[in-house]
Amino acid sequence: MIKLCIDTGGTFTDFVIFRDGKIEVLKILSTPDNPANAVISGVNQLSEDFSKIENIVYGTTIATNAFLERKGAKTCIITTKGFEDIIEIGRQNRPDIYTFYVIKPSPLVPESLRFGVNERTNARGEVEKKINPDEIKTIIDILKKNKVKSAAICFLHSYKNSKNEEMVAKLFENIDIHISCSSKIIPEYREYERFSTTVVNSYVSPVMSEHLSELENKFYGKNFYIMKSNGGMVLSSTIKEEAVHSILSGPSAGVIGAYEMGKLTGNKNIITFDMGGTSTDVSICPGKILTTSESEFDGFPVRVPIIDIYSIGAGGGSIAKIDPGGALNVGPESAGADPGPVCYGKGNSVTVTDANLFVGKLDKDFFLGGKMKVYPEKTVDSMEKMAAKMGLKPEKLGAGILQVVNANMERALSVVSVKKGYDPSRFALFTFGGAGGLHAVELAEKLKIPVIISPKNQGIFSAFGMLFTDIIKDYSLTVLVKVDEIQLNDLKNLYRPLIEKGIIDMKKEGIKKENIIFELFADLRYSGQSFEITIPFDKNYIRNFHNRHYELYGYSFKNKPVELVNIRLKAIYKTRKVKLRKNKSCGKNPSEAYIKKKKVIFREDSIFCSVYRRELLKTGNRITGPALIYEYSSTTFIPPGYIALIDEFENMIITKLKGNFN
């Protein structure tokens with residue numbers, strides 16, 4: 001089996017190819033103007049005989065960036081008359097309850113492109129007013145004049161009966177406008193969330209479709225899969241129509257890879273820490289990968305299943321700046337790949353990468369294995385100028401930048417652990433991403449996490465995680481029934497339409513019925529509650545709901561009526577996984593990988609670190625901090641008082657030295 005995995009980020013594009021039982025890697029700068037250029041360039045560099053590659057898996061931030069940067073397609077919404085402004089009205093939730101000056105995100109669809117039509121389906125699914133084709137044809141003429149590229153069709157109660165939405169979609173046939181029907185994207189009640197998710201899909205799908213079409217020409221004849229936010233993958237032809245499912249494409253693959261590798265090291269409970277060039281993504285896996293259907297991106301609800309990942313604007317490219325009060329802030333703005341950090345030669349803004357280079361943790365001779373030229377003298381000049389403005393020594397500024405960004409990331413790790421009732425000291429921190437290894441141990445120390453796992457090639461680990469992904473499709477349907485009013489067998493029958501749809505859709509992915517695994521879930525709540533808990537559906541689902549409610553909130557109402565709101569189905573095809581080879585121990589002495597001693601500023605003090613080349617470290621080697629481990633795609637910093645062991649899978653397992661309680 002030859003499998004190629006690609007992960008496009010805001011700063012770098014990463015490649016992993018598995019062939020002949022070996023893994024090869026490549027990391028190149030992304031091309032923001034046209035991300036396909038970096039993908040094609042990397043494929044050409046990495047594969048001498050492209051014809052032998054069987055499967056390609058691609059994780060991309062195309063949909064994410066189009067959404068966040070407001071560079072999606074010109075989109076309209078066609079909805080039930082009187083509900084045109086629901087996407088702007090939203091809900092009265094106030095995340096910052098004490099903020100006087102609330103800035104709501106601008107809606108993706110302007111008022112002039114919101115169309116209400118005379119149709120109505122009631123809450124029982126009965127069509128009270130059918131579509132008037134002439135009314136829709138008039139709207140189509142307006143859309144053509146305004147060069148609209150995408151339309152979100154969102155009618156009231158279409159989750160109960162989708163006939164009116166389907167009628168409008170049919171009238172758009174042979175019209176060069178992308179169509180997203182809410183009844184297909186998310187057939188669930190709560191109009192605002194359903195409308196918002198459908199609009200986001202309409203906004204990003206044309207951009208994603210154009211990008212993938214360009215790559216499909218290059219990858220013609222290959223099984224070309226796209227990573228989904230739920231940790232699965234589907235064919236590129238599928239994701240073109242539902243690009244909203246790729247919002248967290250790359251980060252989800254990293255969690256999959258970390259969970260699988262964590263199990264190999266004997267650590268089933270992990271917190272993933274993925275620090276890249278633009279952002280940091282963290283997730284907690286308490287013996288399993290957690291998913292959610294209640295996510296929000298940049299203020300917009302997106303109700304599709306995703307791996308539960310929390311993201312903040314903190315990465316190697318995060319810009320350090322002085323606020324109006326004279327305080328030092330870091331992020332969320334990023335220098336990205338272009339212009340990039342000052343040391344890349346084009347940028348003018350000091351970044352976290354510049355700070356790490358200035359304090360000595362990074363080395364100009366080891367960027368991308370020495371293949372990337374950097375300019376430390378430019379970093380020194382910029383650091384000195386910024387320090388002068390703040391009345392600080394440059395060394396103190398460098399240490400300060402790292403302390404501030406660490407504090408930001410520490411809060412993110414607390415959000416997914418402490419604030420959800422998990423004790424970080426019972427987990428291992430699994431670090432990856434190009435910048436993760438430079439900060440992971442210090443963060444673990446703050447949160448009292450006893451073990452840090454640093455995989456080989458951690459800078460391209462999200463691409464590596466794609467080697468372990470399955471083909472997964474999710475389905476949901478609102479049913480709204482009281483569980484004491486329906487028999488268990490009748491409940492099982494509610495899942496039949498979803499199972500039948502899963503079989504049809506998986507067939508399009510090339511999967512036979514007998515090879516599909518179905519997992520059933522139920523969204524439950526107590527009567528009178530507004531939000532649900534998702535529970536695996538089996539004969540004990542009610543008891544499990546009470547127990548889970550108690551785990552989350554400290555109480556349960558075992559005598560109170562329980563409502564089943566949504567049913568959910570996950571259709572899975574287990575792919576053939578890569579088998580990693582175990583290595584025999586070669587002894588504790590890491591001297592063959594030793595390079596030199598290097599002066600580093602650590603917490604404003606100077607220390608001397610032993611420097612090692614990661615590629616030459618072998619199973620069984622032990623490295624005592626302070627140390628720096630340089631590898632092709634990243635650098636790992638081991639502070640004083642810590643020791644690293646290279647395990648049989650070439651992971652670095654970092655722990656505190658016994659007797660060291662600093």
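Please treat every number below as a calculation from the coordinates, not as lab data. Remember, predicted model here, so these are calculated numbers, not experimental data. Cβ sites come from the backbone with ideal geometry, for glycine too, and all protein chains shown count toward neighbours.
The angle between the Cα long axis of helix 249-264 and the longest principal axis of the Cα atoms of the chain comes to about 60 degrees, rounded to the nearest 10.
Ignoring lysines fewer than eight residues from Lys596 along the same chain, the ones with Cα atoms less than 22 angstrom from its Cα are Lys361, Lys364, Lys371, Lys373, Lys456, Lys588, Lys618. Identify the residues of region 540-563 with backbone N under 14 Å of a label point that sits 7 angstrom from the Cα of Tyr526 along the Cα-to-Cβ direction, or state none. Only 545-563 pass the distance filter. Between Ala407 and Lys346, the modelled labels are 3.2 nm apart [label points 7 Å from Cα along Cα→Cβ]. In the chain, helical runs assigned H by DSSP with n ≥ 4 each contribute -39500 (n - 2.57); averaged across all residues and rounded to the nearest 500, the mean residue ellipticity at 222 nm is -9000 deg cm²/dmol. For region 75-80, 3J(HN,Hα) computed residue by residue from phi via the Karplus equation (6.51, -1.76, 1.60; θ = phi - 60°) reads 10, 10, 10, 10, 9, 5 Hz, glycine and proline entered as x. Determine the sum of side-chain charges near Phe115: Lys and Arg each +1, Asp and Glu each -1, restricted to other residues whose C-beta is under 11 angstrom from that of Phe115. Around Phe115, the surrounding residues sum to -1. Between helix 133-145 and the chain there is an angle of about 30 degrees, using the helix long axis and the longest principal axis of the Cα atoms.
Averaging 1/r over each pair of different alpha-carbon atoms in the chain and inverting the result gives 26.4 Å, the Kirkwood hydrodynamic radius.
Between helix 191-218 and the chain there is an angle of about 60 degrees, using the helix long axis and the longest principal axis of the Cα atoms. Overall shape: prolate for region 318-396, with the ratio a/c of the largest to smallest alpha carbon gyration tensor axis at 1.5 or above and a/b above b/c.
Projecting the alpha carbon convex hull of region 509-638 along each direction and taking the average yields 16.2 nm².
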